[in-house]
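Asker: Mind looking over this structure? Questions follow.
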Amino acid sequence: MKEQEDCIFCKIAGKKMPADIIKETDNFIAIEDLNPVAPVHLLIISKKHYDSLLDVGGKDDNIGGNEIFALIGELAREFNAWERGFRTVINTKNDGGQTVKHLHIHFMAGRRFGWPPG
Ligand code: AMP
Ligand code: ZN
C-alpha cells in the first residue's frame, strides 16, 4: 500500500514529521511511544503503509520478517531487556485495541506484564 497523506506513522517513517528515531532498518523504524505504558515503550513502525497486520504478506510483498526479529533482538540488548524479558504486541482492528491504522509493533520492557491482557 502507498504512503497515506493523513497517516501519522507514514509521516514519521517518511521523515515528514520530526521524531527521535532510535533505530532504522530497510523496512522499519523504531521510536518511543508518545504515551508509554512501561519504562521502555517503543514502537516498531513499518516504512510501508499497511492498515493492519491483516494487510501484510500479499504475493509480491516482502515486509522483512527476519529484519523484525533481528531488530527486536537489538532493542532487547540495548534496552537491557535481554535477560529480564519484554513484551511485543500487535494490536489489530477494534477488538485488538488498534488506534493508529498503520502497522506497528509495541516493544515494552522494564516491568513485569500480566497475563491475560486486559
Ligand atoms: P495502537 O493502539 O496499538 O494502535 O497503538 C498506537 C500507539 O501509538 C499508542 O500507544 C500511542 O501512544 C502511540 N502514538 C500515537 N501517536 C504517536 C506519535 N506521534 N508518536 C509516538 N507514538 C504515538
Ligand atoms: Zn501509514
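Nothing in this text is a laboratory measurement; each read-out follows from the coordinates by a stated rule. From a predicted model like this one, the values you see are computed outputs, not experimental measurements. Here Cβ is always computed from backbone atoms with ideal geometry, including for glycine, and neighbour counts include all displayed protein chains.
Asker: Can you name the condition, by its number, that L54 falls short on among (1) of a type outside the set (K, R); (2) free of Cβ contacts under 8 Å to residues at least 12 places away in the same chain; (3) within 15 Å of ligand 1 (Cβ to nearest atom)?
Answerer: (2) is the only condition that L54 fails.
Asker: Which residue is nearest to Y50 (Cα to Cα), if the candidates are limited to region 15-32 and must be in contact (Cβ under 8 Å) with a residue 24 or more places away in the chain and of a type in the set (D, E, K, R)?
Answerer: So, considering only residues that are in contact (Cβ under 8 Å) with a residue 24 or more places away in the chain and of a type in the set (D, E, K, R), the one nearest to Y50 (Cα to Cα) is D26.
Asker: So, one more: Identify, please: which residue in region 68-105 is charged (D, E, K, R) and closer than 24 Å to D51 by Cβ and is, among those, nearest to ligand 2 (Cβ to nearest atom)?
Answerer: Looking at residues that are charged (D, E, K, R) and closer than 24 Å to D51 by Cβ, I get K101.
Asker: Can you list residue pairs whose Cβ atoms sit under 7 Å apart, with the first residue in region 101-118 being more than 15 Å from ligand 1 (Cβ to nearest atom) and the second being part of a strand (DSSP E or B)? Count only pairs 6 or more apart in sequence or on different chains.
Answerer: Close Cβ pairs (under 7 Å, with a partner that is part of a strand (DSSP E or B)) amount to G110/V40.
Asker: Here is a follow-up. If you check T99 against the conditions, is it within 11 Å of I44 (Cβ to Cβ) and of a type in the set (S, T, N, Q)?
Answerer: Spelling it out, it is not the case that T99 is within 11 Å of I44 (Cβ to Cβ) and of a type in the set (S, T, N, Q).
Asker: While we're on this one: Going through region 47-60 one residue at a time, which ones are among the hydrophobic types (A, V, I, L, M, F, W, C) and assigned to a helix (DSSP H, G or I)?
Answerer: Across region 47-60, the qualifying residues are L53, L54.
Asker: Let me ask another. Taking region 74-99 on its own, how many of its residues are within 16 Å of ligand 1 (Cβ to nearest atom) and either of a type in the set (D, E, K, R) or surrounded by fewer than 14 Cβ atoms within 10 Å (Cβ to Cβ) (or both)?
Answerer: 7
Asker: Being of a type in the set (A, V, I, L, M), in a loop (DSSP other than H, G, I, E, B) and out of contact with any helix residue (DSSP H, G or I) (no Cβ under 8 Å at 6 or more places or on another chain), is that true of even one residue in region 91-109?
Answerer: No: zero hits.
Asker: Quick check on this structure: which one of I44, I63 is out of contact with any Pro (no Cβ under 8 Å at 6 or more places or on another chain), within 16 Å of ligand 1 (Cβ to nearest atom) and either closer than 14 Å to D26 by Cα or part of a loop (DSSP other than H, G, I, E, B) (or both)?
Answerer: I44
Asker: Taking region 1-41 on its own, how many of its residues are more than 16 Å from ligand 2 (Cβ to nearest atom), surrounded by 16 or more Cβ atoms within 10 Å (Cβ to Cβ) and in a loop (DSSP other than H, G, I, E, B)?
Answerer: Number satisfying all stated conditions: 1.
Asker: Same structure again: Could you tell me which numbered condition N35 fails, if it satisfies all but one of (1) touching a residue at least 12 places away in the same chain (Cβ under 8 Å); (2) among the polar types (S, T, N, Q); (3) within 16 Å of V100 (Cβ to Cβ)?
Answerer: Failed condition: (1).
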